[in-house]
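Participant: The structure's right below; bear with me while I get my questions together.
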Amino acid sequence: MKRLAVALALLVAIGSTAAASFAAQTDAWLEGYAAAVLEREGLTAPSLVVRHGVIQLNASDLGNTERERIVAVLSSIRGIVRVDLVEAGAPPPPLAPAPTGPAQILAEWDTGLLPGGALFKPLTADPRWPHFSAAYQRYVNDRQLKDVAATSFGESFSLYRNKLGPAWWEVGVQAGVFSVFDLDAESKDLVNADYMVGIPLSARYDDLSAMFRLFHQSSHLGDEFLLRTRTNRVNFRYEAVDLRFSYEFGDNVRLYGGGGYLFDQEPANIEPWWVQYGVELTSPWPKRDAHWRPILAADLQNHQENSWSLDASVRAGIQIDGVLLTRKLQLLFEYFNGHSPNGQFYRDKVEYFGFGTHFHF
């Protein structure tokens, strides 16, 4: 535990430096883009500056052009929060941080086809939430694995979003591949790969969000792993529906819970029900406009197939916001104790700890 605390402290220091660099690069990119837009309009603006997504420039730089039109053009740039024109002799207005949470959804993302983002936020500690990641995992007293590389490729995309009264709703698509590799094998064998694709229907009202999902998952063992271990291959697949609710208490605490049901599963005798619940904590320090902060998340699941025993996944580390404008990068320590999330090994008890990078759109 002492070593883990030291490593986490080092991660905080590294993360703060990296986050400051990312934030500066984002503002610099927006500043260059805004300058190019003004040049297209035949204008130069020596006073132009971008801080935390807010454009500031002197009104005198716009000359006799239609100011409202220029402000509208600059405001339409993705990633710009607002445009402040400073009149001659007036002090510049204070720079406010970009909105977060539900306000960010309403401010930055549009309705209609392919609006961007998602109403239901990713579940940070869920071992099977589709996103891009790469992690090292160290298994404890396992009969087959010790040093493991775990990778995932996938995302959640909104296809259509609109309003229903005061609430928002959207339909999207989820897809992902989750693979684990045995690093101690001579050829770094692929052990298992899970493929999932789903159609989520999400809704949001203020800090309350929900997601109903219909999805398919199938699993495949690696050829080298099969030949080396002579493992008996099981054709493991299923269709499923699940429903989750999430509530955010400000910007720092999120609680969620729900459950799901399997159907058309193979093997056919797998018990169908499960429940899932968890908590995510985001540090209020440093202040909001720092673009990075420590996070802690726990995802807990109980499956009927495994007599409702607890499967616990815990992740903690640094989240960096605004990477490539709207992306999030997470550098996380992780710990898992429960039944394996890897395909046909769902009845095996496993325990591992590790470290990974996670990238969210």
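The values are calculated or read from the model by the stated rules, or taken from the named source; none is laboratory data. A quick note: this is a predicted structure, and the numbers were derived from the prediction, not measured. Cβ coordinates were reconstructed from backbone atoms using ideal geometry, including for glycine residues, and neighbour counts include every protein chain displayed.
Participant: Show me the strands (runs of 3 or more DSSP E) entirely contained within segment 33-98 in which 3 or more residues are outside the structural domain of GLY116 (by TED's automatic domain parsing) and either at pLDDT below 85 or more than 24 Å from GLY116 (Cβ to Cβ) (or both).
Facilitator: The strands (runs of 3 or more DSSP E) meeting that bar are 54-58, 82-86.
Participant: Quick test for you: out of PHE215, PHE225, pick the one residue that is buried (at least 17 other Cβ atoms within 10 Å of the Cβ), aromatic (Phe, Trp, Tyr) and at pLDDT 95 or above.
Facilitator: Residue meeting the stated conditions: PHE215.
Participant: What pairs come out if I take residues in segment 67-92 that are basic (Lys, Arg) and pair them with residues that are not in a loop (DSSP other than H, G, I, E, B) whose C-beta lies under 8 Å away, six or more apart or interchain?
Facilitator: ARG67/ALA59; ARG67/LEU85; ARG78/GLU108; ARG82/VAL54; ARG82/ILE55; ARG82/SER75
Participant: In segment 231-271, how many residues are closer than 18 Å to PRO200 by Cβ and of a type in the set (Val, Ile, Thr)?
Facilitator: Going through segment 231-271 one residue at a time, the tally reaches 1.
Participant: Yes or no: VAL191 under 26 Å from LEU329 (Cβ atoms) and not acidic (Asp, Glu)?
Facilitator: no
Every residue, every condition in (1) of a type outside the set (Phe, Trp, Tyr); (2) buried (at least 20 other Cβ atoms within 10 Å of the Cβ), yes or no:
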residue: ALA268; (1), (2): yes, no
residue: GLY278; (1), (2): yes, yes
residue: PHE345; (1), (2): no, yes
residue: PHE359; (1), (2): no, no
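Participant: If we only count strands (runs of 3 or more DSSP E) wholly inside segment 227-314, which ones have 1 or more residues that are in contact with a Ser or Thr (Cβ under 7 Å, 6 or more places away or on another chain) and closer than 30 Å to GLU186 by Cα?
Facilitator: Result: 237-249.
Participant: Would you mind stating whether TYR352 is of a type in the set (Phe, Trp, Tyr), buried (at least 17 other Cβ atoms within 10 Å of the Cβ) and in contact with a strand residue (DSSP E or B) (Cβ under 7 Å, 6 or more places away or on another chain)?
Facilitator: yes
Participant: Moving to a separate point now. Of the residues that sit in segment 321-332 and are in contact with a Lys or Arg (Cβ under 7 Å, 6 or more places away or on another chain) and part of a strand (DSSP E or B), which one is surrounded by the fewest Cβ atoms within 10 Å (Cβ to Cβ)?
Facilitator: ASP321
Participant: Hey, does segment 272-283 have a residue that's assigned by TED's automatic domain parsing to the domain that holds LEU296, touching a Phe, Trp or Tyr at 6+ places or on another chain (Cβ under 9 Å) and over 20 Å from SER340 (Cα atoms)?
Facilitator: Yes, there is a match, as at least one residue in segment 272-283 is assigned by TED's automatic domain parsing to the domain that holds LEU296, touching a Phe, Trp or Tyr at 6+ places or on another chain (Cβ under 9 Å) and over 20 Å from SER340 (Cα atoms).
Participant: Let me ask something additional. Pick out the one residue from LEU296, LEU329 that is closer than 30 Å to GLY79 by Cα and modelled with pLDDT under 95.
Facilitator: LEU329
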